[in-house]
Amino acid sequence: MSDGIGARVKRKEDKRFITGKGKYTDDIRMENQAYAAFVRSPHAHAKVKGIDASAAEAMEGVVAVLTGAQLTGDGIGNLICGWAINSKDGSPMNMGPWSALATDRVRYVGDAVAVVIADSQKLARNAAEAVVVDYEELPAVAHADRALAKGAPQVHDNAPGNLIYDWGIGDDAATQAALKGSAHVTELHVTNNRLSPNPMEPRSAVATYDEAEDHYTLYTTSQNPHVARLVLSAFYNVAPEHKLRVIAPDVGGGFGSKIYIYPEEITCLWASMKTKRSVKWTSDRTEAFMTDAHGRDHITTAKMGFDKDGKITGFHVDTVANFGAYMSLFSSAVPTYLYATLLSGQYDIHNIYCNVRAVYTNTVPVDAYRGAGRPEACYLIERMMETAAREMGMDPAELRRRNFIQSFPHQTPVIMNYDSGDFPGNLDKALKAADIAGFPARKAEAAKRGKLRGIGYSCYIEACGIAPSAAVGSLGAGVGLWESAEVRVNPVGTIEILTGSHSHGQGHETTFAQIVSDRFGVPIDNVSIVHGDTDKVQMGMGTYGSRSGAVGMSAIVKAMDKVEAKVKKIAAHVLEASEDDIVIEGGEVKVAGTDRKMAWHEVGLAAYTAHNLPAGMEPGLKEGAFYDPVNFTFPAGAYIAEVEVDPDTGVTKIVQFTAADDFGTIINPNIVEGQVHGGVAQGIGQAILEQVVYDEGGQLLTGSYMDYAMPRADDVPFYTIEHNTTVCPNNPLGIKGCGEAGAIGAPPAVINAITDAIGTNDLQMPATPARVWAALNAARAPMAAE
Amino acid sequence: MYDVSYHRPASLADAKAMLASDDAKVLAGGQTLLPTMKQHLAAPSDLVDVRRIPGMSGVKVEGGKLVIGAATTHAEVAGNADVLKHVPSLACLAAGIGDPAVRHMGTIGGSIANNDPAADYPSAILALNATVVTDRREIAADDYFQGMFTTALEPGEIITAVKITPPKSGGYAKFPNPASRYAMVGVYVAQTGAGVRVAVTGAGQDGVFRHDGLEAALSARFAPEAVDGVSVSADGLLSDIHGDAAYRAHLVKVMAKRAVAAAA
Ligand SMILES: Cc1cc2nc3c(=O)[nH]c(=O)nc-3n(C[C@H](O)[C@H](O)[C@H](O)COP(=O)(O)OP(=O)(O)OC[C@H]3O[C@@H](n4cnc5c(N)ncnc54)[C@H](O)[C@@H]3O)c2cc1C
């Protein structure tokens, strides 16, 4: 079937996006709609001593000014982190209170203290400026290492020393001993820079309260509307689940930042009940920089030991993770179970220990962002490997080869059990595609032009298809991470797939239709995908952690299994054949080896007319399924970056980038390549451009694109993309996932290439021109002194 | 954005009358003014759009001088045959401002009226020893720029044109800020009738400035190597998250060399 698995079909959804006909939350217009504007703290840390809203309330078009005291007074619950992590000593994490509107204290610049509801967005914003808040400024701390220092300002009273947890995984003593006995130990101090997610569509919410039904509807920019409904109901007491409908229509990118339920969405729901008006809020870009959950922000010191043959003996890691001012929904899991469990990388390491201290600071909350924990792990391991190879005078490819895991399943010392892969094969493919043999000549040619050319590798692995519910449950997750699907075959044979996955750029309307087309032989145009509405789709856990293919599609396959069984029963009955002889092929349901057949739509019609069904069979052709994965999936690959550094300015140009990925089964190469392109661009962004900067006092210095450097088209090269597929043995389609690989694998490849070019390993991300120039000077200085 | 009244005067006289009120402001391409209004950082009561006033835009050659109307967009300057012929380095500078959308809206008059310390044009005006023509006088470049976002313009004064005597040669090299792509350091060198002039934008705490050391060295010998011996002090240069003063000082030399190498 030309539209089936593996076909490079064009995205079905693109017509509406490209012609401007997409329907995003901000496009929703309700009757009698009012607008919210938030009154936000200009201080990183302050006591709220009073709020005078009288001037604002008197302004034209102002419906109400609502405060945190009213919100908590109405019983709206505090925001929570849904994954419980205990410290090494067994004590639970120290979660500080987080009210959607601050009542007595603000803890970061942008923390909302009140909301103005008015007849237009402009009136609401103007009135918000007229709300007078009496703040008493408190000392603030923005950086994780300073937050841990003695005498640092305290962000939450119940987190002494700003420590949320002090967690460990692996065997500390055995790892220390292994390092002691090593022939060589490489030590690195790396920071993983703080990033702002920057989806093209900013967050938005339109909340409507129906007084007659005591029912709420929320349109919002969510990657997981059912989870939003669950949390809004069960924890924030907005409304019980059957009285709350959450719709995530077209969503323009998320990268993790739209997993969470934020103060603004909660406030809009509550405000719609208070004011009896629909309430809309759409973030502007500055608000997005200030209030969207940030990503990364780790400081790590690590040691890796090697024996005389270059085999890794032990890996010891000490990480401090900045959580910002409050614990966001999944924040606690990111630097623990999504980070430390991947520290074995692609290598056979027997001794690993990782200590993670999570700390509060006066900055916006930090949570999962494309890759979430895995980029931090990969960056650390892969910089270690390259640095160690240089220190030991070994070819970095060879050092990796000596340590690659070669047989599967492979149990690492940090929980993960890798199910499949071909790590040497990935690297070989990448080396060949990158024309490694030609590198010395390219380097010499670049030198003639006065440029320093360097090459860097990165062999990444990640855990996707998040996640087996029992496993994550045992690790503290408050939810199960299965997925659900429903397959509805209509009487005319067209098919609707209802899925709990949510597409916000991933192209589900195309790829999900392809697996249906592959199975039943119907054209993809006869398949529609329904998602993002809690009233339509039975249940779902949403899209993040590259789970829509491995988990979401698996649920569809399970539901299709049930449909297929029923179709065969009906056809066998009508065609008077044995069920076992029925085959579905090319849009027809046939008796194998005969010319007896029914068209696909005839079976659909038969199911619904129900005139001639097997005895006891219910009419209709619609089946649902829940799929709970048995393991994570493990996409892996080898990336090679080649750069040219201008020694006069420190500017890095990425001249070549090769990716050889193992994503398991590929449904649509076009979409997969798009995911790699976007992911690598974000990885390059992290490596050389992007960085959120707060000053010492917690003021955000990167509040717009004037200072936050996003990658542009001319910052990235044309990519060379290879696939080296091993099929995932643990799900029906053999899918591993591809959504985060680029962002995970690219940063270390780029930094390894730059450090190769400039001849020093002492370089932090983002490797801005100024930093690279300074590193070059530092590297040159000893030579000058000679 | 707060409420504002928009006016489109048909003549300079009308524009002047409309600008009599303190809260009225000239609007040209709006590429700086409108974003600041949206952020509530500026709140004029009236906007006086000068772009359609006859004679305000376009390029002509008059008495051996290039006369560029204040409302001429960056894209027009970049592509204009007279500019390309007489001051190609200026066309090259204009072609490197912002992105195509910005270049088709933003104007030379707006840029120099605004005098952003990271803007490109101020370096050209200063290095080329240009004359800023207004509705009431002509101002020499050396007198015009008075510190960041500060110029010799009086309240309500309207720039109508910029006059440039074509130099023997000129060159511009820009090191773009990685985020905004404004100039982190931009150096314009010109061999003018008044000697070699070198103007630096992006780097100075007080906005665009001329560099004596570079001018002296390049007057002695107009060649990239002449820059090598010059010392550029970091004093008075900007430090921010994109680079400190020492880095900027270094870039001034690198860009100066590149500007000389590119000079035509
Ligand atoms: C995304 C983006 C990128 C940019 N990148 C760059 C860059 O790389 N380099 C660079 O140099 N600039 C850059 N700019 C700024 C751009 O060049 C602006 O066009 C310019 O600074 C202002 O010109 P304007 O015509 O838009 O003026 P406006 O925004 O309309 O006005 C700016 C100021 O000048 C005053 N004014 C305008 N015209 C006159 C006049 N004739 N007489 C008196 N006062 C007047 C106005 O009252 C206002 O105070 C960028 C802008 C944007 C939005």
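Nothing in this text is a laboratory measurement; each read-out follows from the coordinates by a stated rule. The structure displayed is predicted, hence computed values, not measured ones. Here Cβ is always computed from backbone atoms with ideal geometry, including for glycine, and neighbour counts include all displayed protein chains.
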May I ask for the net charge around A:V359, where only other residues with Cβ less than 11 Å from the Cβ of A:V359 are counted and Lys, Arg are +1 while Asp, Glu are -1? -1
Rounded to the nearest whole Å³, what is the per residue volume of the convex hull around the Cα atoms of the range A:339-426? 128 Å³
Chain B, relative contact order in percent, only Cα pairs under 8 angstrom and at least six apart counted: 16 percent
Considering only A:Y460, A:A641, B:V252, whose Cα is most displaced toward the positive end of the charge dipole of the protein assembly as shown, charges sitting on Cβ of Lys, Arg (+1) and Asp, Glu (-1)? B:V252
Report the Cα centroid-to-centroid distance between the range A:265-294 and the range B:183-242 in angstrom, as an integer. 49 Å
Chain lengthening between A:A615 and A:S407 when straightened (0.36 nm per residue, less Cα-Cα): 69.8 nm
Using a basic spin-label model with each label point 7 Å from the Cα along Cα→Cβ, how many nm lie between B:A152 and A:Q699? 3.4 nm
Using +1 at the C-beta of Lys and Arg and -1 at the C-beta of Asp and Glu, which of A:F512, A:G604, A:M541 has the Cα lying farthest in the positive direction of the dipole of the range A:482-627? A:M541
Can you give the charge dipole size of the range A:482-627 about its Cα centre, rounded to the nearest 20 debye, using +1 on the beta carbon of Lys and Arg and -1 on the beta carbon of Asp and Glu? 160 debye
Within 10 Å of each Cβ of A:768-778, how many other protein chain Cβ atoms are there on average? 4
Mind scanning A:K558/A:K590; A:K280/A:K536; A:K566/A:K736; A:K308/A:K432; B:K60/B:K257 and naming the pairs with a C-alpha gap bigger than 26 Å? A:K566/A:K736; A:K308/A:K432; B:K60/B:K257
Efficiency by 1/(1 + (r/R0)^6): what FRET value for A:D210 and A:S54, r their Cβ-Cβ distance, R0 = 35 Å, to the nearest 0.05? 0.65
Calculate the length of the line joining the C-alpha centroid of the range A:93-145 to that of the range A:685-704, in whole Å. 20 Å
Helix B:245-262 against the longest principal axis of chain B: what's the angle in degrees, Cα atoms only, rounded to the nearest 10? 90 degrees
Here the relative contact order (percent) of chain A, from C-alpha pairs under 8 Å and at least 6 apart, is 16 percent
Alpha-carbon radius of gyration plus Dmax, which is the widest Cα pair, for chain A in Å: 27.4, 96
Summing -39500 (n - 2.57) over every DSSP H run of at least 4 residues in chain B and dividing by its residue count gives a helix-only mean residue ellipticity at 222 nm, to the nearest 500 deg cm²/dmol, of -8500 deg cm²/dmol
Which of B:A261, B:H242, B:A217, positive extreme of dipole for chain B (C-beta unit charges): B:A261
Could you list the square roots of 5 times each eigenvalue of the Cα gyration tensor of the range B:169-262, that is, the equivalent ellipsoid semi-axes, sorted largest first and rounded to whole Å? 21, 13, 11
With +1 at each Lys and Arg Cβ and -1 at each Asp and Glu Cβ, the charge dipole magnitude of the range B:169-262 around its Cα centre, to the nearest 20 debye, comes out at 340 debye
Quick one: Cα centre-to-centre distance for the range A:724-744 and the range B:1-65, in angstrom? 57 Å
The range A:624-713 shape via C-alpha gyration tensor axes, a/c threshold 1.5: oblate
Taking only the Cα atoms of chain B, how large is their convex hull per residue, in Å³? 116 Å³
Taking R0 as 51 Å and r as the Cβ-Cβ distance between B:D46 and B:A216, the FRET efficiency 1/(1 + (r/R0)^6), rounded to the nearest 0.05, comes to 0.60
Three-way shape call for the range B:12-124 based on the alpha-carbon gyration tensor, with the a/c threshold at 1.5: oblate
Loop-resident chymotrypsin sites (Phe, Trp or Tyr not before Pro) in the range A:700-786 with no more than 16 other Cβ atoms inside 10 Å, DSSP not H/G/I/E/B, are A:Y705, A:F718
Counting Lys and Arg as +1 and Asp and Glu as -1, each charge on the Cβ, what is the dipole of the protein assembly as shown about the Cα centre in debye, to the nearest 20? 1760 debye
List the trypsin sites (Lys or Arg not before Pro) within the range A:435-522 that DSSP assigns to loop and that have no more than 11 neighbouring Cβ atoms inside 10 Å. A:R449
Once every Cα of the range A:482-627 carries one equal point scatterer and solvent is ignored, give the base-10 log of I(q)/I(0) from the Debye formula at q = 0.15, 0.20, 0.21 Å⁻¹, two decimals. -0.71, -1.12, -1.20
Three-way shape call for the range B:91-196 based on the alpha-carbon gyration tensor, with the a/c threshold at 1.5: oblate
Inter-site label distance for A:D14 and A:N86 at 7 Å from Cα along Cβ, in nm: 5.2 nm
Peptide-level mean, for B:238-244, of C-beta atoms on other protein chains within 10 Å: 4
Nearest-0.05 FRET efficiency for A:D435 and A:R712, computed from C-beta distance (R0 45 Å): 0.95
Let me have the relative contact order for the range B:169-262, percent, based on Cα pairs under 8 Å that are six or more residues apart. 32 percent
Using only Cα atoms, what Kirkwood radius does the range A:375-425 have, in angstroms? 12.2 Å
For B:D22 and A:V655, extending 7 Å from Cα along the Cα-Cβ vector and measuring point to point gives, in nm, a value of 6.0 nm
